[in-house]
1. Only one of Ser313, Ser270 is within 16 Å of the ligand (Cβ to nearest atom), open to solvent by less than 60 Å² (accessible area, probe 1.4 Å) and in contact with a His (Cβ under 8 Å, 6 or more places away or on another chain); which?
2. Out of everything in the stretch 319-375 that is small (Gly, Ala, Ser) and in contact with a helix residue (DSSP H, G or I) (Cβ under 6 Å, 6 or more places away or on another chain), what residue ends up being surrounded by the fewest Cβ atoms within 10 Å (Cβ to Cβ)?
3. So, Pro623, is that one open to solvent by 40 Å² or more (accessible area, probe 1.4 Å) and within 29 Å of Gln278 (Cα to Cα) or not?
4. So Ile568 clears everything in (1) within 25 Å of Ala670 (Cα to Cα); (2) open to solvent by less than 40 Å² (accessible area, probe 1.4 Å) except one condition, right? Which one?
5. How many residues are open to solvent by 10 Å² or more (accessible area, probe 1.4 Å) and within 16 Å of the ligand (Cβ to nearest atom) when one looks only at the stretch 626-644?
6. Scanning the stretch 55-69 for residues that are open to solvent by less than 30 Å² (accessible area, probe 1.4 Å) and not β-branched (Val, Ile, Thr), which turns out farthest from Val147 (Cα to Cα)?
7. Given the conditions (1) touching a Pro at 6+ places or on another chain (Cβ under 8 Å); (2) open to solvent by 20 Å² or more (accessible area, probe 1.4 Å); (3) under 21 Å from Asn271 (Cβ atoms), which single one is not true for Trp445?
8. Collect the residues in the stretch 376-386 that are surrounded by 20 or more Cβ atoms within 10 Å (Cβ to Cβ) and away from the ligand (no atom under 16 Å from the Cβ), keeping them in residue-number order.
Amino acid sequence: MRLSLRFVLPLLLVLAGIAYAVAPLIDQLTLGWFVRDLDSRSALIANTIQEPLLEQLAAGKKVKIQDFFNRITQDERLYAVGYCAAATAKILASRSLPAEIQCPQLERWQNPGRHLLPSAQGPLHIAVRPMTSAATADVAALPGQLVLVHDMSFITRRSEESKRYLFYVFMALGAAVSLITVIVAQLSWRGWMAGVRALLRGEGLLRRPEAHAPPSLPGFKPIARDLQRLISELESENRARDESQLTWTPETLRTILHGELRGEDVIVVSNREPYIHQRRGERVEVQRPASGLVTALEPIMRACSGTWIAHGSGSADREVVDKNDHVAVPPENPAYQIRRVWLTPEEEAGYYYGFANEGLWPLCHIAHVRPIFRSSDWAQYIAVNRKFAQAVMSEAKTKNPIVLVQDYHFALLPKMIRDELPEATIISFWHIPWPNPESFAICPWREEILAGMLGSSIMGFHTQFHCNNFVDTVDRFLEARVDRASFNVSFGGKLTAVRRYPISIAWPPDAELLQKSVPDCRRDIRQMNDLPPEHKLGIGVDRLDYTKGILERFRAIERLLELNPDWIGRFTFVQIAAPTRSGIDEYQHHEAQVRTLAARINARFERRGPAPIGLKIEQHAPPQVYEYFRAADLCFVSSLHDGMNLVAKEFVAARDDERGVLILSEFTGAARELPEALIVNPYDADQCAAALHLALSMTDVEQRDRMRLMRGLVAEFNVFRWAGRMLLDAATKRRHNRLTDKPDLLI
Ligand code: F6P
């Protein structure tokens, strides 16, 4: 209402001003008209009465003339009549003639514009008309002049009346215009406010019109775009500020999902499932796979619910699912669903063992194992990606679900989903390194793989280095527009944001894993491995994979004992190696090499005390792994190339006593985040041996200082932040998409 008054008050003031200025003008105008009318009327009367008047004058009947004059002035308007025979004569007039009108002063009323005489009852109009005789055309012989006086008080009355009407008209006009102004202003304001609110909600003005929605106003688009830009800037500022203040927890993720993403369901797709049901005789056992991907995503799914689509690889997997191939997990406290996808042995051989792990895995890791590309594997890879795409379609509850596609097993999946669900938000994460364009070039289906990945809304990697390599590769092999300032790739009319999301682990770690005290862990693990209580212990935990640098690690241990024989019999390195991909020749060969090398080194140094290497080629559950971490003096991660390596972060998380030293390969993503570790080149045995010696001799104070810094970083950059940042970016994308005609805006 206050807003409307701002329109109406000035409007009324302007109208009143106009009325005030116009009234005298109208007065003047109407007075002129009336005077002209009275002039004409006077002429008419003079013409009418002069004949009888002349006759009476000729007869010298002055009294009759006065009677005649008195009679005709009974007319409502004609106030008085007089007759002057000459300028010096006495005026012969009706009774009502004002005294100011005398024959000698008649000239005074004859000048133009001088016809008015004020009087007590109002103005009088005086007209002086010369008498003419039809009988004579001689002007000199004209018999005097007639004076006709009209009452003009009716003009004052009419002027008052017109002013009153004028006032009413302006009042009505003012009211009508005000009403219209208020209505229009209110409607426009409401519409505009609704638009702005929609914009702030992330809907609105730039959205493609839906069938039932009113068309958007083209005039608003530039404003909307500016506003949208402003909102984005504010959002990123707020996010930067919030993130720096935020402790990322499962609750934070839930808040993002229900706030930013309006409770949307999240669909995760990965090859490896988080819980594997295995038949062991009569029993069904639930296994947790040794997988960084599972370690990272499982806490996210516990927090977010949703559906995790994965390959059902366990021997009892089919027995526990419902008719839709769903099983609720974790078994002890179900929080989300696994949707299992079944693969034939041929599909698994071609897609998983073949193309993914004999082709893409060595291609991306550059660990000097030649990639093998077979067209039969490629065909299975396409078929299985399609199978998973169908599973996504059947699990999606809306036309724009949020799909988190995991890893190199599904390079083609983003585009397949995009083709079916163009409005889906697809966030893909590549858990392994991305090589430089020259290395990637050897893949016979490089263009198809890149195009498949660019079906994603966001393509995530662990490090900026991998993002750079990916963008360079796209630039080299596709007809795509690469914006290096924003790291957005435009391909086939769609935009993909290439982003760095360093993966991590849950923080704080599960309390159960830290339940046993460090001294107890030290004692028990040493007893379990027949080691004396003060024996120095190193730990390595990996899948038995050639990229993990286990051979290089053993060579470094051998070199340590060569260079510092004091450690012989006083130091043992326990290597936990989870068997993996054992259907692949290269992995079988690698396992044999690892066993042989460990045996050779042990044989060389064993006679002077406990064996230097304790090789445990078996799967260990997280509590056992954490017990080793807490018992150890050092942890050695010597990957030849690794996207991130979560073992490094888990070791840090396990050490709430702020002791223990981490030796970390410079070729892991983790090395970029944990510079307080002893960073080594695993190919340099001497350097690694020196790092081992340094770790074994490091003072408690230095161990504490380094560990404290690393723990601070892992706590802050935990896995909830990893997922939360992706979900926030997804939310921003979805909001931008709603605001624009373009399906994928820059973020
Ligand atoms: O390191 C890449 C990766 O996919 C991880 O994300 C995961 O931990 C590991 O490989 C698991 O491999 P697989 O599923 O073949 O056992």
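1. Unique residue meeting the criteria: Ser270.
2. Of all residues in the stretch 319-375, those small (Gly, Ala, Ser) come to 328, 335, 349-350, 354, 356, 359, 367, 375.
This time we only want the ones that are in contact with a helix residue (DSSP H, G or I) (Cβ under 6 Å, 6 or more places away or on another chain), so: 335, 350, 354, 356, 367.
Numbers: Ala335: 15, Gly350: 24, Gly354: 24, Ala356: 22, Ala367: 18.
Among those residues, the one meeting the criterion is Ala335.
3. Details: open to solvent by 40 Å² or more (accessible area, probe 1.4 Å): yes; within 29 Å of Gln278 (Cα to Cα): yes.
Against the criterion (open to solvent by 40 Å² or more (accessible area, probe 1.4 Å) and within 29 Å of Gln278 (Cα to Cα)), Pro623 qualifies.
4. (1) is the only condition that Ile568 fails.
5. Matching residues across the stretch 626-644 total 3.
6. Initial filter on the stretch 55-69 (open to solvent by less than 30 Å² (accessible area, probe 1.4 Å)): 65, 68-69.
With not β-branched (Val, Ile, Thr) added as a condition, the list becomes 68-69.
Numbers: Phe68: 14, Phe69: 11 Å.
Within the stretch 55-69, the match that is farthest from Val147 (Cα to Cα) is Phe68.
7. Among (1) touching a Pro at 6+ places or on another chain (Cβ under 8 Å); (2) open to solvent by 20 Å² or more (accessible area, probe 1.4 Å); (3) under 21 Å from Asn271 (Cβ atoms), Trp445 violates only (1).
8. Of all residues in the stretch 376-386, those surrounded by 20 or more Cβ atoms within 10 Å (Cβ to Cβ) come to 377-378, 380-381, 384-385.
Answer for the stretch 376-386, where residues must be surrounded by 20 or more Cβ atoms within 10 Å (Cβ to Cβ) and away from the ligand (no atom under 16 Å from the Cβ): just Trp378.
The values are calculated or read from the model by the stated rules, or taken from the named source; none is laboratory data. Keep in mind the model is a prediction, meaning the values are calculated, not measured. A quick note on method: Cβ atoms are made from the backbone with ideal geometry, for glycine too, and the neighbour counts reach across all protein chains shown. For the accessible areas, the whole protein counts, side chains as well, though only heavy atoms, and no ligand, DNA or RNA atoms are used. Shrake-Rupley method; radii C 1.70, N 1.55, O 1.52, S 1.80 Å.
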